[in-house]
1. What number of residues within region 10-22 satisfy the criterion of being hydrophobic (A, V, I, L, M, F, W, C) and in contact with a helix residue (DSSP H, G or I) (Cβ under 7 Å, 6 or more places away or on another chain)?
2. Looking at S202, S189, which one is in contact with a helix residue (DSSP H, G or I) (Cβ under 7 Å, 6 or more places away or on another chain) and polar (S, T, N, Q)?
3. Of the residues that make up region 88-97, is at least one assigned to a strand (DSSP E or B) and touching a helix residue (DSSP H, G or I) at 6+ places or on another chain (Cβ under 9 Å)?
4. Which of the residues spanning region 39-71 are of a type outside the set (A, V, I, L, M) and at pLDDT 95 or above?
5. Between a residue in region 220-248 that is of a type in the set (K, R) and any residue that is outside any loop (DSSP other than H, G, I, E, B) and at pLDDT 90 or above, which pairs come within a Cβ distance under 9 Å, given they are 6 or more apart or on different chains?
6. Could you grab the pairs with beta carbons closer than 7 Å, sequence gap of 6+ or different chains, first residue in region 10-28 and among the polar types (S, T, N, Q), second one part of a helix (DSSP H, G or I)?
7. Check off (1) outside any strand (DSSP E or B); (2) over 27 Å from A131 (Cβ atoms) for A237 and give me the number that stays unchecked.
8. Can you confirm whether region 187-200 contains a residue that is assigned to a loop (DSSP other than H, G, I, E, B), touching a residue at least 40 places away in the same chain (Cβ under 8 Å), surrounded by fewer than 19 Cβ atoms within 10 Å (Cβ to Cβ) and of a type outside the set (F, W, Y)?
Amino acid sequence: MPGYEPFLLCDFHVHTRWSDGRLSVREVIDLYGKTGRFDVIAITDHILMQRDLLGRAGRLISFGRRDFSVTEERFPAYLDEIASEARRAADKYGLLVIPGAEITQNHIRSRKNSHIVALNIHQHISADQSAEEILRAIRAQNALSIACHPHHRTTRRVEIGTCYLWDHRKRLADLVDVWEAANRDDLFSVTSLKHYPYVANSDFHKPKHLYSWKTLLRCEKNWNAIARALRENTDVALTLYRNGTWAA
């Protein structure tokens, strides 16, 4: 029908073995690509604070074999691998892969925690600064920010709270480009009630997370068109991807 051209199926929050994901960048791309359904994904591994307690615990458990943060020293190699795999993804699957990171602040007091996805960044952004400074650094790169799981979750699982951006939305909303209204199996309807631009993502860490909330965008398959559609929040839909199918 005219005016209802096909949407792009997108996931803008995906983790790999560069941080705490189970799969390599290549394995993630093959997983999404082989479905024959996805058009756009973003690789968004964690950038942790230097004294992040969860990162330290992970390194101890892995006997130092894993580094759960994309440090400033590792960041160029991280971008290089994403760029290389993005070329393969485009050739093999017609899949657009966007470089990004989740700039992660985990404090002892959870009310201070914020997780911010930065899409299409090209320079490392430290997590050891205020959330406002992180958001301004993202904007300075002409990248796009997403407030991750910004409200209390509805499903029961043991995870830290990440409500700082939401709790301070009156001060920070103008710096946040998009808010997650859905993350994995959770819905944060409060974001739509405030009429904030919204998105839905899997927060992918392992293969079963493929089946979760996703975003549908009606725009051209290139970064500029996608960023514009997300910021303007026009022709955007949330959808559940389940067992190889999806339903809006």
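The values are calculated or read from the model by the stated rules, or taken from the named source; none is laboratory data. This is a predicted model, so every value here is computed, not measured. Positions of Cβ are backbone-derived with ideal geometry, glycine not excepted, and every protein chain shown enters the neighbour counts. These area figures cover heavy atoms from the full protein model, side chains too; ligands, DNA and RNA do not enter into them. Shrake-Rupley method; radii C 1.70, N 1.55, O 1.52, S 1.80 Å.
1. Going through region 10-22 one residue at a time, the tally reaches 2.
2. S202
3. yes
4. If the condition is that a residue be of a type outside the set (A, V, I, L, M) and at pLDDT 95 or above, then D39, T44, D45, H46 are the ones that fit.
5. Between residues of region 220-248 that are of a type in the set (K, R) and residues that are outside any loop (DSSP other than H, G, I, E, B) and at pLDDT 90 or above, the close pairs are K221/L8; K221/V40; K221/L96; R231/L144; R231/V178.
6. Within 7 Å, the pairs are T16/V25; T16/V28.
7. Just one mismatch for A237, condition (1).
8. Looking for residues that are assigned to a loop (DSSP other than H, G, I, E, B), touching a residue at least 40 places away in the same chain (Cβ under 8 Å), surrounded by fewer than 19 Cβ atoms within 10 Å (Cβ to Cβ) and of a type outside the set (F, W, Y), one finds none in region 187-200, hence no.
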